[in-house]
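A quick write-up on the structure given underneath.
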Amino acid sequence: MSRSIDGREPERRPPVRGQDDPRQRVRETIERVTQDRPTMSELIDRLEQAGIRAVPSIQKSGRLNGMSYAVDGKLIKGSDLGRAYTAQGLQKSLGVRYDPEQDHALLAEAALRARECAATSLERFERPDRVGPDRLRDRASRMREYEDLSTTQRAALREIGRFRTVAAEDFLRIQYRGDRHAWRKDFTRLVSQKLLEERSVVVAMHSKTHGKTLRSLSVLAITKRGKNLLRRCDKDTRASHQALYAGIVKPREVAHDTAIYRMHQAEAARIEADGGRVKRVVLDFELKKHAYSPLARARHLTSPEYARKQAQVAQENGLKVVQGKIRFPDLRIEYETAGGEAARVDLELATEHYRGEHMSAKSRAGFKIYAESASHPGGSYGRSSALDPDHITEIFSF
């Protein structure tokens, strides 16, 4: 039996109804499936295979805060089973490995399912006589909707969903190789089912030749409905623990976000040319969420203690502290090398606003810096002139 870090056995509470007690079943199942120190995602999958649904409690910051279990028509809190079966106890007493970045997608999905079925599923746990077949029909309907989508339509949702915003022309050129007929067919289907949205956003462009000009940019984003469909039904998204984004949240950043998608394509092409394979992309939003939460709780510390905590948080997230700040890349690509090894590369999109000190800090953080040809050394989206020529050699244009 697993023991806690101080050598004591996990706290247990005696069963109320012998071997038929669902609490005892949950305890024994958890102890059985944690013998090899699984990840939190692996634990959730193993419990589901054993007929037990984990119901995590997720903080707004994305951190795991608590754990309950749904089994045999009851919802049981981890604390009711004993300290070893709470979110913290699973890690400290039973050796479950929790990586906020790797496990976030599956935990968030499990928490979302629990919230959405609170009015019906939880009622089924307590009052099965009042629950009809509507919930089962809804699930079957979602799966049919997903299965009715073509392979290219699913791929389109998956690709757009993992980036905040994608320019329609870029997506047509890259994902559909310029085949407007095929794209229009898939686009019409996805929009009609309210899984995808398209918007026109006016952005300012600057160039040495034409100066400042305004341009209407057509951009794509999946809807919340499309995001939820992928999270529930798409095995590739779940397997990769890929975070998804829905809606156009910040129109002012559209031009920058669409350029990140092009930057990703340039680096992905280099990875694939070397025999590698992209596994997952991580945007700055996700990295900041994992780093800022523990730092917010550490504000009461003294300056030296806070600096040590900051360095620890940065290291845990594969980042560096430069000039007193954790530096975040615009994009992280996690990939598998030709030899099957796990690797990653952090990318930064340089704009015409960059100057020597800013560029130096990003370079010292270990980021690979990209800039669009329009910004290297001409103009692009924004208001300033060209990039600092002293750091031009550090830039990979695309």
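Bear in mind these aren't lab numbers, they're just calculated from the coordinates by the rules spelled out. As the structure is a prediction and not an experimental result, all values here were calculated from the model. Neighbour counts run over all protein chains shown; Cβ positions are idealised from the backbone, glycine included.
Key figures
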| quantity | calculated |
| --- | --- |
| Spin-label model distance (nm) - L214 vs K235, 7 Å beyond Cα toward Cβ | 5.0 |
| Candidates per trypsin sites (Lys or Arg not before Pro) in segment 186-269, loop by DSSP, up to 13 other Cβ within 10 Å | K194, K208 |
| Under the Karplus curve 6.51 cos²θ - 1.76 cosθ + 1.60, θ = phi - 60°, whole-Hz ³J(HN,Hα) for segment 63-78, x wherever Gly or Pro sits | 7, 6, 10, x, 8, 10, 9, 9, 7, 6, x, 9, 10, 10, 6, x |
| Charge dipole of segment 133-249 about the Cα centre (unit charges at C-beta), most positive-ward option of S200, F171, Y245 | Y245 |
| Volume in Å³ per residue [convex hull over Cα atoms, computed for segment 168-309] | 213 |
| Extension gain, K279 back to K92 (0.36 nm per residue minus Cα-Cα distance, nm) | 64.4 nm |
| Theoretical FRET efficiency, 1/(1+(r/R0)^6), r = Cβ-Cβ of T302 and E31, R0 45 Å, to 0.05 | 0.65 |
| Expected-Rg normalisation [2.2 N^0.38 Å, Cα atoms] applied to segment 133-249 | 1.22 |
| Potential lengthening between E147 and V249 on full extension [0.36 nm per residue; Cα-Cα distance subtracted] | 33.8 nm |
| Across K74/K194; K250/K320; K224/K309, pairs whose alpha-carbon gap is larger than 32 Å | K74/K194; K224/K309 |
| Convex hull of segment 276-351 built on C-alpha atoms - directionally averaged projected area, nm² | 6.0 |
